[in-house]
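One structure is given below, encoded as structure tokens.
A short reminder: the numbers here are calculations on the coordinates, not readings from a lab. Nothing here was measured: the structure is a model prediction, and the numbers come from that model. Cβ: placed from backbone, ideal geometry, glycine included. Neighbour counts: every protein chain shown.
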2 protein chains.
Amino acid sequence: MMEKRKKIMLPETEIPTKWYNVVAEMKHKPQPMINPGTKEPLKPEDLYPLFAEELARQELNETDAWIDIPEEVRDKYKIYRPTPLVRAYGLEKALDTPAHIYFKNESVSPVGSHKLNSALPQAYYNKIDGTTNLTTETGAGQWGTALSFAAKTFGLELAVYMVKISYEQKPYRRSLMQTWGAQVIASPSMSTKAGRKILTDHPTYQGSLGTAISEAIELAMQTPKCKYALGSVLNHVSLHQTIIGLEAEKQMELAGEYPDIIIACFGGGSNFSGISFPFLRHNLSGEKSTRFIAAEPASCPKLTRGHFQYDFGDETGYTPLIPMYTLGHKFAPANIHAGGLRYHGAGSIVSQLLKDKQIEAVDIDQLDSFEAGILFARTEGIVPAPESNHAIAATIREALKAKEEGTKKTILFNLSGHGLIDMSAYDQYLAGDLINYSLSDEDIKKSLEAE
Amino acid sequence: MMEKRKKIMLPETEIPTKWYNVVAEMKHKPQPMINPGTKEPLKPEDLYPLFAEELARQELNETDAWIDIPEEVRDKYKIYRPTPLVRAYGLEKALDTPAHIYFKNESVSPVGSHKLNSALPQAYYNKIDGTTNLTTETGAGQWGTALSFAAKTFGLELAVYMVKISYEQKPYRRSLMQTWGAQVIASPSMSTKAGRKILTDHPTYQGSLGTAISEAIELAMQTPKCKYALGSVLNHVSLHQTIIGLEAEKQMELAGEYPDIIIACFGGGSNFSGISFPFLRHNLSGEKSTRFIAAEPASCPKLTRGHFQYDFGDETGYTPLIPMYTLGHKFAPANIHAGGLRYHGAGSIVSQLLKDKQIEAVDIDQLDSFEAGILFARTEGIVPAPESNHAIAATIREALKAKEEGTKKTILFNLSGHGLIDMSAYDQYLAGDLINYSLSDEDIKKSLEAE
């Protein structure tokens, strides 16, 4: 008798050698990003002051569907990749659903999340460009920890602006970054003009990704041989993350199934893009009609309730203007524990795809997300990151819908990270101390109008 | 060209179907455990009040070298097993050593350590015996978290007595156990006679594994359908852990090497036994002459400075008398962060092997252990558990010795767990707030004489 397989593994030799650049195959390309100084479409050169040149070129590459992964990066990927594809038998049983639920387990990375997939190439391209120092921001801390290890791996110094609310909620994240040798600063801080301004206007402001990005960019611009690195939103970050979906595609084939539905949580879009785009190309070519669902927090609903418009990627307005679904770059999200999802906008590719109805979005309340996470922990063993709980909650909804309808669906979701460094959030949930946050249409309107 | 392999993986079908019981092949069997009531050698029936019957039989089985792993347990092992065998290229390079360093990565278990290897069968055997409730103790929290998930998996309730110093140092551990549904009590507590006695004698006592064991046993003995579970020391625990070494043996073969030296940290002995015994059988048969090194903390040196004698496994004296290397069952270890190594004695098999010079032991200072852990984190990505840092420090010593001697050695160590839930320890180390603890011969003598 065939043994029931729980995990579908790939050997290291099957780590993809190229990333997939979905833009090259989109019929409607995203509208161009705009240089706010010249009002002209952004050119790679505009980005060179901030990013390694190859990253700037990747950011604006609309022609090459496949981009080589450097051998040095692929070699470091071997530390944790290929990651397992796992059949969630335990969760299926608890839900009594005919759906087959698979998850791609990105939590096995030593930093605990998918973020290392882009941190390694970003550090590598900077190193070969002669960069000595990097700056970045981090929300929940997942990106900051990933870049801390990646920077150490390729011999770069790193300063991380960490959103203050996370800095306080997640002291272990700070320790982790320091263990890998990074310097960590709570944001808003007095070390930048952007930080000083917001602290003057709002002395008790607990920070947001938008503000932390402004601070990190400002420090990079003022420091020689120092560049900036971003953990989501941008096209080159989504590009690197496609390694998730490319591996998952091979693994689903080994499992003998193809996903009807693919689900990921959504902050800036990198883990969603990463698992979706390689499968989406079969939708774009007309072969398949998979549904792609982005699960965002109800307290930060740019996809489900935001506007599609040009907006800045950061709070101060240092970035290019990006065509995005946004709540406005001054949006101050509620202090939910899924810090990685507290971002006002979506990347330009994902925004275009949503506009074109190639993908869908749902919003998840904080309490629903933790309820889903606890059920997952008790049935599958892994305690998920608060961000990933949103994907699990959306998966459970679809699995229960399949049960109601009596249809067998194959659902694949991305477990973007584990929650072992976020146990204080579970603690508060179990103690009944967490709440949902609602947002009125008026709140959103005001935020979109703020300059 | 052959790609350089970082990880040696096995498919799920290669999860062993039997555990290895080294006692069956030892020429000098361990001296028998003694029932303190009758003063007679222990019989399985003596253990039935405390343990599931099959576990009691495994504990005293000296004849069967191979014990079947139940299919239900093997199925749950698939959640995380087989674990990777990893070549530590990064660490080798940093040490500039000719040694080949491999580690078995038990940190990929969803509970973060090897402890789940025994927690799952212990919960399973109890379930089929009709047990409804389990009690246990936990030092660093690794065992408690493992049993929390295992108990939930097989539908048992669990109460965990957690050593007070760890309860305070590691709040995330408590949250983790609660997330999986367990009840957690700081030990010593007022809920047992054993706890009340020690709190009366020493009101500020911060606990030890010995005391927590007494409390857990007492609660189990007083509650119907309630049994006790231990995470180390006992023979059946070591038996279950041999799955580590059995997998590693196959993986080393795939790597085309055989270890000259095998290293593991040492608390009660379960992870050391787990990785060592399957290889040790080739020493016992005369085919191989691998060195086996147990790395214990200098502050709790039962193997390097303790006495071989009959002693109790717990502080109060509820357990059988065990022939062991011990510091005395009243020994109160210093508050090192490697909570899982704060135990006064060693299991009877390991003690006999040490007596017969089949294995060796070294002691590691707390600061050396963290220095080793930080180097490992920065070169291999994984932040190790404070316990595992002892194995890494001993590995580094041997790798540097190989460099001095200019000999190529193959070293295999067990990475028993990750330290993501112990970041406060790293925090204190990086801040310079950790110290070494020394122990005089007089201290040890006094502790051995205490009744």
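Based on DSSP, what percent of beta bridges with both residues in the protein assembly as shown are antiparallel, to the nearest 5? Could you put the intermediate results ahead of the total?
Numbers: 38 of 105 bridges.
Bridges in the protein assembly as shown that DSSP calls antiparallel: roughly 35 percent.
Residue and whole-Å distance for the chain B Cβ lying nearest the axis of the B-onto-A rotation are B:LEU420, 2. Inter-chain neighbour count for B:370-377: the average number of beta-carbon atoms from partner chains within 10 Å of each residue's beta-carbon is 2. Modelled this way, with points 7 Å down the Cα-to-C-beta line, the labels at B:TYR48 and B:GLN428 are 4.5 nm from one another. Per-residue mean of foreign Cβ neighbours for A:100-110 is 2 (Cβ atoms of other chains, 10 Å radius).
Sorted from shortest to longest, the distances between the B:GLU157 label points of this copy and the other copies are 5.8 nm, with each point 7 Å from Cα along the line through the beta carbon.
Counting only other chains, and only Cβ atoms inside 10 Å, what mean value do you get across the residues of A:173-181? Working shown, then result.
Details: counts 2, 2, 13, 7, 0, 6, 12, 5, 4.
The mean count of partner-chain Cβ atoms within 10 Å per residue comes to 6.
Position A:GLU405: other-copy label points at 6.7 nm, ordered by increasing distance, label point 7 Å along Cα→C-beta. Relative to the other identical copies, B:LYS250 shows label-point distances of 2.1 nm, where the label point lies 7 Å from Cα along the Cβ direction and values run shortest first. Rg of the Cα atoms in chain B, relative to 2.2 N^0.38 Å, amounts to 0.90.
Peptide packing for A:345-354, B:139-148 was compared via the average number of neighbouring C-beta atoms within 10 Å per residue; ordered from the highest value, the list is B:139-148, A:345-354. Placing dummy labels 7 Å off each Cα toward the beta-carbon, the span from A:GLU25 to A:LEU400 is 3.5 nm.
For region B:97-235, a crude dipole built from +1 on the beta carbon of Lys and Arg and -1 on the beta carbon of Asp and Glu, taken about the Cα centre, is about 120 debye to the nearest 20. For chain B, the longest principal axis of the alpha carbon atoms and the long axis of helix B:235-255 meet at an angle near 10°. For chain A, the mean residue ellipticity at 222 nm estimated from helices alone is -12500 deg cm²/dmol, where every DSSP H run of n ≥ 4 contributes -39500 (n - 2.57) and the total is divided by all residues, rounded to the nearest 500. Among A:ARG281, A:ARG5, a tally of other beta-carbon atoms within 10 Å of each Cβ gives an order, fewest to most, of A:ARG5, A:ARG281. With respect to chain A, whose longest principal axis is taken over its alpha-carbon atoms, helix A:116-129 is tilted by about 40°.
Among the listed pairs A:LYS170/A:LYS250; A:LYS104/A:LYS197; A:LYS164/A:LYS409; A:LYS93/B:LYS4; A:LYS152/B:LYS403, which are separated by more than 32 Å between their Cα atoms?
Numbers: A:LYS170/A:LYS250 36 Å; A:LYS104/A:LYS197 42 Å; A:LYS164/A:LYS409 41 Å; A:LYS93/B:LYS4 40 Å; A:LYS152/B:LYS403 25 Å.
Exceeds cut-off: A:LYS170/A:LYS250; A:LYS104/A:LYS197; A:LYS164/A:LYS409; A:LYS93/B:LYS4.
Here the relative contact order of chain A, from alpha carbon pairs under 8 Å that lie six or more residues apart, stands at 19 percent.
Cβ crowding within 10 Å ranks B:ILE213, A:ILE69, A:ILE364 as A:ILE69, A:ILE364, B:ILE213, fewest other Cβ atoms first.
Normalising by the residue count of region A:319-451, find the relative contact order in percent from Cα pairs under 8 Å and 6+ residues apart.
Answer for region A:319-451 is 29 percent.
For a straight C-alpha distance cut-off of 20 angstrom, the aspartates and glutamates reachable from B:LYS27 (same-chain residues fewer than eight places away being disregarded) are B:GLU59, B:GLU62, B:ASP64, B:GLU287, B:ASP356, B:GLU360. Compared with the dominant Cα axis of chain B, that is its longest principal axis, helix B:270-284 is turned about 60°. Return a whole-number percent for the relative contact order of region A:270-336, with Cα pairs under 8 Å and 6 or more residues apart as the contact set. Contact order relative to length: 24 percent.
Where both residues lie in chain B, what percent of DSSP beta bridges are antiparallel, nearest 5? Intermediate results must be reported in sequence, preceding the final value.
Details: 19 of 52 bridges.
Antiparallel: roughly 35 percent of the beta bridges in chain B.
Taking the fewest neighbouring Cβ atoms within 10 Å as the starting point, the ordered list for A:SER424, A:SER416 is A:SER424, A:SER416.
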